[in-house]
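For reference, the structure is listed below as structure tokens.
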Amino acid sequence: MANASAIGWGLVILGSAVTVIGIKQAWKAWRMKHWEPTTGVITQCAFTEVSGSRQGEDRDRRYHLSLAYTYQVDSTPYEGTRLRYGMVGNVNSQKWVEQMRERYPQGSTVTVWVDPKDPAQCALERGPGWTWWVGPIVGVIFLISGLKLILM
């Protein structure tokens, strides 16, 4: 039983951390509606193919987005790399990859959304990504599982 209790406490700690981080990311995404637009320039939009679990099969191909852009706020230059809050790092959709290449070609002018309280915080797209809910849900599942093990 002591082993189950230790695992339970580990799950509670892990679940709490994942939940807090997920909620923080979701909160930042929702706060972006108060951010201000500025003009930026794409300095990099590249994709690296990352190996999947089964090499050679199309369905296991994954792509990592490397995105960078520059912008200025009050004559101070900044560099950003965030597409949006709550966005996963790797995707498996070749169609999405092509859409991003077309939308953000190197050298193109873009709107950068900037936090007026902290201009280093920025993103190209406002609102949460479709994965914003994953962190809080997974965290709560770990938290509940850990509590069950502790209370057994």
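Here, each number is a calculation from the coordinates, and none is a lab measurement. Not measured: the values here are computed from a predicted model. Heads up, the Cβs are rebuilt from the backbone with ideal geometry, glycines too, and the neighbour counts pull from every protein chain shown.
Simple spin-label estimate for Ile137 and Met152 gives 2.5 nm between the two label positions (7 Å along the Cα-to-Cβ direction from each Cα). Look at where the Cα atoms of region 4-25 and of region 106-125 average out, and the two centres are 32 Å apart.
Straight-line cross-link reach from Lys33 at under 17 Å between alpha-carbon atoms covers these lysines, not counting any fewer than eight positions away in the same chain: Lys24, Lys117.
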